[in-house]
Amino acid sequence: SGALILDAVRNNTERITDFKVRLINQKAESWLSRAGLKGKNLKIEVPGYINSGLFTHFTEVVEQGTPWEDKVEYKDEELELHATVKAVKLDDGCFVTFAEIPVRELNPEQQKQTADWYNALLIRRTVP
């Protein structure tokens, strides 16, 4: 499983505006296809986490102290993932784990989208 510890980034009114990566394991960096995330803000490095609803869920975990778990579909310009994500409050942030949902557990439309994405990725990597 991938794992991260995220610290809340707050504005001058103490509102959470982002999360900064305090710690991240190798599985998470590999799975997100992004190295060097430690110390960086998610809005910049993993922009799809806003539209996926993860930012809202992580904020609720920190502000309410209630653990959260759900299946999530994440998409951005470079990445499409399906995962079970869990988050629990830790200090002024949260501890997040995620496990990839195997393609066979996706519905047919999600399976097709995933196959299309992988094919596009392979084409991009083989074309100079």
The lone exception for Ser33 - which of (1) assigned to a loop (DSSP other than H, G, I, E, B); (2) open to solvent by less than 40 Å² (accessible area, probe 1.4 Å) it fails:
(2)
Selected residue [surrounded by 14 or more Cβ atoms within 10 Å (Cβ to Cβ) and of a type outside the set (Gly, Ala, Ser)] from Thr84, Thr56, Thr66:
Thr84
Which one of these is more than 14 Å from the chain's Cα centre (by Cα) and not hydroxyl-bearing (Ser, Thr, Tyr): Glu60, Glu69, Glu73?
Glu60
Scan the range 82-93 and tell me whether some residue there is at negative phi, assigned to a strand (DSSP E or B), modelled with pLDDT of 90 or more and hydroxyl-bearing (Ser, Thr, Tyr).
no
Restricting to the range 36-53, and then to whatever is assigned to a loop (DSSP other than H, G, I, E, B) and in contact with a strand residue (DSSP E or B) (Cβ under 8 Å, 6 or more places away or on another chain), can you tell me which residue is surrounded by the fewest Cβ atoms within 10 Å (Cβ to Cβ)?
Gly39
Can you pull out every residue in the range 49-66 that is at pLDDT 90 or above and either touching a helix residue (DSSP H, G or I) at 6+ places or on another chain (Cβ under 7 Å) or among the hydroxyl-bearing types (Ser, Thr, Tyr) (or both)?
Phe55, Thr56, Thr59, Thr66
Quick one: how many residues across the range 18-30 are assigned to a strand (DSSP E or B), open to solvent by 40 Å² or more (accessible area, probe 1.4 Å) and over 18 Å from Lys86 (Cβ atoms)?
1
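The values are calculated or read from the model by the stated rules, or taken from the named source; none is laboratory data. The structure displayed is predicted, hence computed values, not measured ones. With ideal geometry, Cβ positions are generated from the backbone for all residues, glycine too; neighbour counts draw on all protein chains shown. Each accessible area value is taken on the protein alone, full model and side chains, heavy atoms only, with ligands, DNA and RNA left out. Shrake-Rupley method; radii C 1.70, N 1.55, O 1.52, S 1.80 Å.
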